[in-house]
Amino acid sequence: MSALAGCSTLDGVTPESEPELASPRSPPSEPADTTARLRATAGTVQPSEDAAIETWLYNDEFPGPELRLTEGEVVEVELTNDLRDETTIHWHGVPLSNGMDGVPNVTQDPIESGGSFAYKFRAEPAGTFFYHSHVGLQLDRGLLGPLVIEEAEPHIEYDREYTVVLDDYLDGEPQPLSDTDSNGGMGGGMGGGPGGMGGMMDDRRPDYAGLLVNGRLPENPPSFAVQEGERVRFRFVNASSATAFEVRVAGHPLTVTHADGRPVEPVTADSFVFGSGERYDAIVDAENPGTWELRAAALDGNEPPAIAVLAYEGETEQSPTAPSSPGQQLSYSDLRALSPLEGIDGEPDRTFDLTLSASRESTEWLIDGQAYPNADPFTIREGDHVRIRLENHSPVLHPMHLHGHFFQAGDAVKDTVLVPGHMGEVTFDFVADNPGSWLFHCHNLYHLEAGMARVMEYVE
Ligand code: C2O
Ligand code: CU
């Protein structure tokens, strides 16, 4: 066999001719209805009186400024990179055109220090989203912010709303978990997974300095004012890098109305759990005057819960009442999308059966035995009904996120789904309706950095 320049071939195997990549959609061509500027820069965050660190931020705010858009409008966001490293922004959950998706070396060249990039997309569908850097471990500094696309006609009524950004707070520079080992470093008290990762590494998350609501530690909680009789909409965003939260509001049930931005039949629960990258909107009926804790506890960490205060106007009580009994927790099977995906009835055109696991030889995290970027892309074609089956061979949770598409898991339409540890399984379906190369990955940033990602590639 003759040498094929630039091609590696296995002995005696002739490479099939490379399938051609399908061309992605173009961003909207009309002028933007709204423009915004974000500047990624070094700055200080002060989550409580006696905690302040130098980190990286958007527009000197933490979390970054809320971008609030109207369904259907065209927005252009100019990102200026004043960091010393390269960066990008990913618009988590928004099914925009591939070139605007912000994944370095997959959908764009990273923006160099001193450079800028204009992201342009149509704000659709309506929902609660967020934006964040997609380079390295930058999300675990402070390069994140909420993105709200308001619906023209909400299916629920409410009197006021608050955005609740939950995060884990690292008071130093993020380090890949592979750089630390079970003998020290950031591992802290977490140790290996209960299933025995063999003391190889701390496989889940750094030891955080605390948990935050809207950038604040529990000793400095934000306060959400309400009036008796109001219906209050909360937009909960899990913008953390490695924390699944259990969320409750003392004295009040939550009526969940949206999952990952998509409307669901309103369903009432006392609490919900969500992983990095997931969002829930919930209505709280302010029918129980007092001063109450909104509390978000890490499922998997030792930090004190993140706290906000639900404060009825006119109440003078000093310290908020904590939630009492655990009550009933929302489960995925309670979620019924108001607009289920079309085109996923019947047998899929392609099914991917994938394991999620830790490497036995290294500190890598694997999807079906491979660690990104040394991993094969998954190829799909426009129009395909695609099914993904995930089986978690590790003891820890993996919040799996697909870029550029919503998918349907059971009756819920989502873009990020928690796969439970110890052989937990999740199956979801989607329609390949947005050509391009899209990342599919664990939204635990440390797992992503350690290889837990693949590219879904549209071919002709
Ligand atoms: Cu928020 Cu690649 O994701
Ligand atoms: Cu993971």
message: To check you understand DSSP bridge types, tell me what percent of the beta bridges within region 350-458 (both residues inside) are antiparallel, rounded to 5.
response: 75
- line: Taking the alpha-carbon centre of each part, the distance from region 125-178 to region 30-83 in Å is 11
query: Per residue Cα convex hull volume for region 4-153, in cubic angstrom?
result: 164
- prompt: Which net charge results when you count Lys and Arg as +1 and Asp and Glu as -1 among the other residues whose beta-carbon is under 12 Å from that of Ser23?
  reply: -2
- request: Would you tally the net charge around Glu71, using a Cβ to Cβ cut-off of less than 11 Å, leaving Glu71 out, and scoring K and R as +1, D and E as -1?
  value: -4
task: Would you work out what percent of the accessible area of region 4-153, with all protein chains in place, is carbon or sulfur (probe 1.4 Å)?
output: 44
- prompt: Heavy-atom accessible area per residue, region 311-415, 1.4 Å probe: how many Å²?
  reply: 51
message: Output needed: percent of Cα pairs per 5 Å distance bin for region 315-460, bins running from 0 to the one holding the longest distance.
response: 2, 9, 17, 20, 17, 12, 8, 5, 4, 3, 2, 1, 0, 0
Quotient of C-alpha Rg and 2.2 N^0.38 Å, computed over region 208-334: 1.00
statement: The alpha-carbon pair-distance distribution computed for the chain, with 20 angstrom bins and whole-percent values, is 24, 59, 15, 1, 0
- line: Residues whose modelled amide H sits under 5 Å from the amide H of Glu228, counting only those 5 or more places away in sequence or on another chain, are Glu313
- prompt: Using helices alone, what [θ] at 222 nm do you get for the chain, with -39,500 (n - 2.57) per DSSP H run of 4 or more residues, divided over all residues and rounded to the nearest 500?
  reply: 0 deg cm²/dmol
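The values are calculated or read from the model by the stated rules, or taken from the named source; none is laboratory data. These numbers were taken from a predicted model, which means no experiment stands behind them. Don't worry about glycine lacking a Cβ; one is built from the backbone with ideal geometry, like all the others, and counts go over all protein chains shown. Surface accessibility is based on the protein's heavy atoms, side chains included, excluding ligands, DNA and RNA. Shrake-Rupley method; radii C 1.70, N 1.55, O 1.52, S 1.80 Å.
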